[in-house]
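Below is one structure; the comments refer to it alone.
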Amino acid sequence: MNKSDLINEVGKVVGTKKAAREAVDCILSTITKNLKKKKKITLIGFGTFKVAKRKARKGRNPQTGKVIKIKAKKVPKFVPGKAFREAVK
């Protein structure tokens, strides 16, 4: 499923494709804005979106085999909730 498919599914519930697109875009932009501010978003029964820190580490260039240094960075992380995990099983 991609974003267009999701908009079509939401459109079946809200009635119009335009309203569905606005709703999906609003949800995604709100999650993105809050993660930029390093805030955690918890959706009970679904999961939690948060920002995780990755430490600096050594890696290897697969073409040359040379060891390279990979910088520390912040990455988005999703931790599924219990109800969501159970539903997927």
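Values in this text are rule-based calculations from the coordinates and carry no lab data. Values in this document were obtained by computation on a predicted structure and should not be read as measured data. Using ideal geometry, Cβ is built from the backbone for each residue, glycine included, and neighbour counts are taken over all protein chains shown.
Tabulated data for the structure shown
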read-out	value
Coil-residue chymotrypsin sites (Phe, Trp or Tyr not before Pro) of the stretch 37-89, DSSP, other Cβ within 10 Å capped at 16	F46
Residue-span extension gain [T16 to V51] - 0.36 nm each, minus C-alpha spacing	9.2 nm
For the stretch 40-89: rounded, prolate or oblate by the Cα gyration tensor [a/c cutoff 1.5]	oblate
Dipole magnitude of the chain about its Cα centre (Cβ charges: Lys, Arg +1; Asp, Glu -1), debye to nearest 20	1080 debye
Two-decimal Rg/Rh across the chain, once Rg and the Kirkwood Rh are taken from alpha-carbon atoms	1.14
Helix 17-36 axis, angle to the chain major axis (alpha carbon atoms, nearest 10°)	30 degrees
Cα lying deepest toward the dipole's positive end in the stretch 39-89, options N61, V51, F84, charges on Cβ	N61
For the chain, calculated [θ]222 nm from helices alone, where every DSSP H run of n ≥ 4 adds -39500 (n - 2.57)	-14000 deg cm²/dmol
Length-normalised contact order for the chain - Cα pairs under 8 Å, 6+ apart - percent	21 percent
0 to 90° range, to nearest 10: angle between helix 3-14 axis and the chain longest Cα axis	30 degrees
Under 19 Å from K53, Cα to Cα: lysines that are on another chain or at least 8 residues apart	K33, K36, K37, K38, K39, K40, K69, K71, K73, K74, K77
Distance between modelled label sites at T42 and K69, nm, 7 Å Cα→Cβ extension	3.8 nm
